[in-house]
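Below is one structure; the comments refer to it alone.
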Amino acid sequence: KMTQQMRDLQLAQARKPPGPSSPNAAKRLYRNLSGKFRVNYTSFDEGSLVARGEKEKLRKSYLFQSNAALFEAVELQDLDRVQEMLKHYSPEELDLNTPNSEGLLPLDIAIMTNNAPIARALLQAGAKESPHFVSLESRSLHLSTLVREAEQRVNELMAQVVNEAPNADCSEKEKQLKAWEWRFRLYKRMKAGFEHARVPDAPSSVHLSVASSTSLQVTFWEPLSVNSAVVTKYKVEWSCSPTFSPLLGEAVIDKLKDLHFTIQGLVSGTAYHVRVSAYNMKGWGPPQASTPPFAIPSNWREYDGRAPRRRGQAEALDHLLGQVKTVHQHCICHEPCKNQPQSRKHSVSKSLKHLFHPGSKFLKTLKRGLYLTAIFYKDDNILVTHEDQIPVVEIDDTYSCLLMQDFLWLTKVSCMWDEILWLRQCVTVSQSSCSCILQTRFKMLLAISQMQGLLGIQDLGQVFFEPIKDKQGNILIVTLKEVKTNQTFESVRWVPICKLQSGRKSVSSPEEPTALDTLLISLQDKLAYHQRSSHALSPGLYLGYLKLCSAVDQIRVLVPEQLPNILCHVKIRSNPNISREEWEWLQKMASVEEPVPTEPEPDRSQNPLFQELQVAIKELMTLVNIPLQEAKDFRLYSQEVLDFGDQVSFLLLLPPSDDVCTAPGQNNPYTPRSGFLTLPLQIFELGEER
């Protein structure tokens, strides 16, 4: 059918005015010529794509030529150009899986010329083989036809060039002859590549692991042989029988960016055998059985039927909060609620009375007291007042020291910025007790409301884990929030952070900076902390190190600076699930009080988790600067696996019981290297929840 289509195309072109006649038209032929005959459709040099506007202009101008340009790059085996085009253009823009007039796709040409690097680059981008080649015979026949017709066209053009007198038309025929000679050599090379290829070897390795109580994870690696053609897809098969009869299911994987597959919908407690085979243009190769040879879907909770720790907790807390609100709805303290919309409108009013009211303005300087500042940033810009000051409001001008319990209470309030009005009204009624603590917290709520009103923003972000103090008696509580979208505000504006830092005139000495000066000096560090504290771990099972230290009024936990919302850790493996068999082994090891495994043991060499733990413990001990021999006194927490969602789980490594928490004045025998900090335990818990 394709051969007939080619003949029809040649007949149609024969009716056109004199000129280059070929299956691809003149422009396509010239594009394949080298030197001065080759058309330079577009330059993919990095220098020509610097300006975004110029790049978009090039994209629109040459979009219709992108498919032809990709074919040219693949045919000329130009790996750099292929990679550049795949980087700057989407598969749709390149028509990556649209056949040319010969019925070929870019991937077909790459694999039949045995160009593995280009073929892999195309496969990574989502390229597929031509659907016309339904069998080996059809591919062989089509290649033979292309070679024969190209050879015939070369002979015809050669005869015309030899017999015609030199003229302009003859020069044109010579160009066509060169193009067809090049195409003839290409087709012969493709035909030879197909004939000499053989089916692929089995995948070099297939690893089987338990992903959940109803699924298995299969990870495989490409065949080691370099003599066969490029592998374009894989087949995963599974069965309850080691002979794979009957076969329970199979899946073909043609997206080869990641060589793994999750078998879903399995029966918990049932053993499944898995094998994987590879495919190339010559067909399917032999299968490779998995290691281990079978696996049983399960989860560690099945060991004792334990329910998830946090199941229903969020719903229960929401229900409890709703009950509290219902009880308080009929209190006399909530009567002002009815007038709130009007009072809020006045709080952001621009009237003269508002502008000159002493309690409705941002502060420029601190005068010994407790203050709240809100840092909003976007990229390298920060929100400041019209006087180029960071937004600061006063909490209490008579407060000379901040109790840690008040500060930690405020960090919890930061989880419900939208409920500040309701909290204020609840605390108002309680002030009849004249509690100093309640008065301070009520002033905190007033300051928060004032900041929200002046900025016109409810969510003030995350409270920084420690307030800033200076020797003048000022205490500055800092909130941080990253703004993702372009927003404009009435009372504040965006300025570059560097401009703010360089333009501020300090009123203090370098030896005794004020809290505001300290904030500006350390602003980048605080923004970096805030960004890092929102980073999430990639899916997997981790080994965490729990180390605490106590003070008079708080307990602090050791965390890495690069990821302060999680314990010090190393990754054990990408699969987060602990199977029932693995958990049974951990329980057995804990029951006989065996030391943490740091050295290999011959009788346990077949236990993958044992080997993974050995590697992880050595890496973790190096990370926190603890001699490996001292790890023999450490313990694995065997009460539960800490699950953080469905994709991240933790095993905990604990120091000896006397050293889990270092008391005040006690020397810490396990001092980590730089790159760590200690957070108040409540702050760490809030960050973990976020």
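Bear in mind that the values in this text are calculations on the coordinates, not laboratory data. Not measured: the values here are computed from a predicted model. Using ideal geometry, Cβ is built from the backbone for each residue, glycine included, and neighbour counts are taken over all protein chains shown.
Quick notes on this structure:
- Ordering of 116-127, 153-164 by packing is 116-127, 153-164, highest average first (other Cβ atoms within 10 Å, averaged per residue).
- Here the calculated FRET efficiency for residue 397 and residue 321, from their Cβ-Cβ distance with R0 = 35 Å, stands at 0.60, rounded to the nearest 0.05.
- Burial ranking of peptide ranges 387-394, 563-570 (average Cβ count within 10 Å, highest at the top): 563-570, 387-394
- Per-peptide average of other Cβ atoms within 10 Å, ordering 312-322, 270-280 highest first: 270-280, 312-322
- Available extension along the chain between residue 512 and residue 666 is 52.4 nm, counting 0.36 nm per residue and deducting the alpha carbon span.
- Calculated FRET efficiency for the pair residue 268/residue 77, C-beta based, R₀ 56 Å, to 0.05: 0.65
- Pairs beyond 22 Å (Cα-Cα), from 87/255; 443/469; 364/443; 87/175: 87/175
- About the centre of its Cα atoms, the stretch 454-524 shows a dipole size close to 240 debye [charges on the beta carbon of Lys, Arg (+1) and Asp, Glu (-1) only; nearest 20 debye].
- Pairs of Cα atoms in the stretch 56-196 fall into 10 Å distance bins, from 0 up to the last occupied one, in shares of 11, 36, 30, 18, 5, 0 percent.
- Put simply, the amide H of residue 248, placed in the peptide plane, has neighbours under 5 Å in 238, 239, 240, leaving out anything fewer than 5 places away on its chain.
- Remark: spin-label model distance residue 416-residue 504 equals 3.3 nm, labels positioned 7 Å along the Cα→Cβ axis.
- R0 of 30 Å, Cβ-Cβ distance residue 364-residue 555: FRET efficiency to nearest 0.05: 0.20
- Projected label distance in nm at residue 164 and residue 536, using a 7 Å step from Cα toward the beta-carbon: 6.6 nm
- Estimated D of the stretch 207-298 in µm² per second, where Rh is the Kirkwood radius over Cα pairs and Stokes-Einstein applies at 4 °C, 1.567 mPa s: 96 µm²/s
- Pairs of Cα atoms nearer than 8 Å and 6+ residues apart set the relative contact order; for the stretch 56-196 it is 22 percent.
- The charge dipole of the stretch 207-298, taken about its Cα centre with unit charges on the Cβ of Lys, Arg, Asp and Glu (plus for the first two, minus for the last two), comes to roughly 120 debye.
- In plain terms, the chain from residue 250 to residue 591 could stretch by 118.6 nm, reckoned as 0.36 nm per residue minus the Cα-Cα distance.
- Rg and Dmax, both from the Cα atoms of the stretch 369-534 and both in Å, are 15.9, 48.
- Annotation for residue 471 and residue 525: the two label points, set 7 Å from Cα along the Cα-Cβ direction, are 1.8 nm apart.
- Dipole of the stretch 207-298 computed with +1 at Lys/Arg Cβ and -1 at Asp/Glu Cβ about the Cα centre; of 288, 243, 230, farthest Cα towards the positive end is 230.
- Chain lengthening between residue 633 and residue 141 when straightened (0.36 nm per residue, less Cα-Cα): 170.0 nm
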